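The values are calculated or read from the model by the stated rules, or taken from the named source; none is laboratory data. Keep in mind it's a predicted model, so treat the numbers as computed, not measured. A quick note on method: Cβ atoms are made from the backbone with ideal geometry, for glycine too, and the neighbour counts reach across all protein chains shown. Surface accessibility is based on the protein's heavy atoms, side chains included, excluding ligands, DNA and RNA. Shrake-Rupley method; radii C 1.70, N 1.55, O 1.52, S 1.80 Å.
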Amino acid sequence: MDGVSGRRRHTRRRRRLRLKEALLSRSRGGLTSKVHLAADRKCRPLSFVLTPGQAADSPQFVAVLQKVRVRLPVGRPRTRPDAVAADKAYSSRANRSYLRKRNIKAVIPEKKDQAANRKKKGSRGGRPTRHDAGLYKERNTVERLINKLKAWRGIATRYDKTPESYLAGLHLRASIIWINDLLNATG
């Protein structure tokens, strides 16, 4: 019996490692992966980060921003946006301090529990976060970009088995979005 159970353990371990390498994880919906991305105001993708499906959004915030590179006609690519609009899932002290260090305006609403904790501390809790409602309305550009990306069935259903091929499909679709936008701007 020991040989059979040992083989089963070995097979299960190999399967877990294969899923981990493919950035897939098991959740209620089955095997999933999650794409974290940044978009500009014209619904064009700037960067992608692929994680297992149950991974939280907030820890990926810095990784996504570090991958942003916008080429200019002359000089180095631009890596620092003027402002970042995100939903409450990204409202953490670490994300806000990262944006503050890089002189990027944070347009992220404060969570209710964070506001309550700050108020409970009184004057030691710090100032409330400023929030530009006009810029926050443009946060839906990321949702619209995701809809554009999912227009390709392979991206929507993740038929690709390896993270490299899935990211290649994302980059291919992103380049088509950029090309279409550039062609529409000139014509």
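A compact table of results
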| read-out | value |
| --- | --- |
| Area of THR129 that stays accessible when all protein chains are in place (1.4 Å probe, Å², to 10) | 50 |
| Net length gained if the chain between THR32 and ILE146 were fully extended (0.36 nm per residue, minus Cα distance) | 39.4 nm |
| Label of the coordinate-derived value, Rg/Rh (Cα atoms, Kirkwood Rh), listed as (1) 0.99; (2) 1.07; (3) 0.95 | (2) |
| Most to least packed among 72-82, 103-113 [average Cβ atoms within 10 Å] | 103-113, 72-82 |
| Linear extension gain, ILE176 paired with TYR136, 0.36 nm per residue minus alpha-carbon span | 11.7 nm |
| Segment ALA115-ARG13, length gained on full extension (0.36 nm per residue, minus Cα span) | 32.4 nm |
| For the chain, share of DSSP beta bridges that run antiparallel, in % to the nearest 5 | 80 |
| Point-charge dipole on Cβ atoms (K/R +1, D/E -1) for the chain, about Cα centre, debye to 20 | 840 |
| For the chain, accessible area per residue (1.4 Å probe, heavy atoms of protein chains only), Å² | 70 |
| Net charge, VAL49 excluded, C-beta distance under 10 Å - Lys, Arg +1, Asp, Glu -1 | +2 |
| Area accessible to solvent at SER97, 1.4 Å probe radius, in Å² | 40 |
| Separation in nanometres of the label points that stand 7 Å from Cα toward Cβ, at VAL68 and ALA94 | 1.9 |
| Under 14 Å, Cβ to Cβ, from GLY169 - net charge with Lys/Arg +1 and Asp/Glu -1 | +4 |
| Above-threshold pairs, the threshold being 29 Å between Cα atoms, out of LYS42/LYS121; LYS105/LYS148; LYS88/LYS148; LYS34/LYS88; LYS42/LYS88 | LYS42/LYS121 |
| Peptides ranked, highest mean first, by Cβ atoms within 10 Å: ranges 44-57, 169-182 | 44-57, 169-182 |
| Which of HIS10, SER58, ALA89, positive extreme of dipole for the chain (C-beta unit charges) | HIS10 |
| Percent accessible area from carbon and sulfur atoms, the chain, protein chains only, probe 1.4 Å | 52 |
